[in-house]
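The values are calculated or read from the model by the stated rules, or taken from the named source; none is laboratory data. No experiment lies behind these values; they were computed from the predicted model shown. Heads up, the Cβs are rebuilt from the backbone with ideal geometry, glycines too, and the neighbour counts pull from every protein chain shown.
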Amino acid sequence: MEIEIKEISPIRVAYMRHVGPYTEVDSVWNQLCAWAGSNGIIGPETRFYGVCHDDPQITPPDKIRYDACMNVPPSVMPNGAVGIQEVFGGKWGMYRHLGPFENLEDSYIRIMGEWLPSSGCELRDGPSVEIYLTDPKHTPAEQLVTEVYFPLV
């Protein structure tokens, strides 16, 4: 596996939380994008992040937490179901996943089960973060590009 190690500064994001299986996050993304669109927040510099708090192999499906996020300027404040938080900050490993979102779990299994034990690196506490580099509404599933980040000591 090709993993890059990066130091990343914190990024301020607006987010909405989904609780339930990762396969059911579309509605929270639709709500977040509708809110951002109606407030004129989405632009050419907007990036979309998924914060994955739980391991679906351990956490019951109805307890899995996922934050749909987008970077925002300091002028954007929390509003109803939309919160503000920081993602990243510190040392991270990054794997570039190519293909459907449904196959992301396989990438995580390979990262944690194959790469991590032989890497000499150690995970630090915190969620993984995904950056979605392609738009699933305009990109065939086989051509989706997702950067998977995991926090390192």
Can you tell which of Arg110, Arg65 is surrounded by 12 or more Cβ atoms within 10 Å (Cβ to Cβ) and over 21 Å from Asn30 (Cα atoms)?
Arg110
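The rows are residues; the columns are (1) in contact with a strand residue (DSSP E or B) (Cβ under 8 Å, 6 or more places away or on another chain); (2) of a type in the set (S, T, N, Q).
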| position | (1), (2) |
| --- | --- |
| Pro60 | no, no |
| Tyr66 | yes, no |
| Met77 | yes, no |
| Ala81 | yes, no |
| Arg124 | yes, no |
| Thr134 | yes, yes |
Would it be correct to say that Gln31 is in a strand (DSSP E or B) and touching a residue at least 12 places away in the same chain (Cβ under 8 Å)?
no
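Considering only residues that are polar (S, T, N, Q) and part of a strand (DSSP E or B), which ones fall in region 92-139?
Ser128, the sole residue that qualifies.
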Inside region 100-153, can you point out the residues that are in contact with a Ser or Thr (Cβ under 8 Å, 6 or more places away or on another chain), among the aromatic types (Phe, Trp, Tyr) and closer than 25 Å to Glu7 by Cβ?
Tyr108, Tyr132, Tyr149, Phe150
If you scan region 10-30, which residues turn out to be farther than 24 Å from Pro60 by Cα and either of a type in the set (A, V, I, L, M, F, W, C) or surrounded by 13 or more Cβ atoms within 10 Å (Cβ to Cβ) (or both)?
Ile11, Arg12, Val13, Ala14
Filtered residue count, region 143-153, keeping only those that are outside any strand (DSSP E or B) and out of contact with any Pro (no Cβ under 7 Å at 6 or more places or on another chain)
2
Could you check Pro56 against (1) modelled with pLDDT of 95 or more; (2) within 22 Å of Leu123 (Cβ to Cβ) and say which number it fails?
(1)
Which members of region 46-63 meet the condition of being within 17 Å of the chain's Cα centre (by Cα) and over 18 Å from Gln85 (Cβ atoms)?
Asp55, Pro56
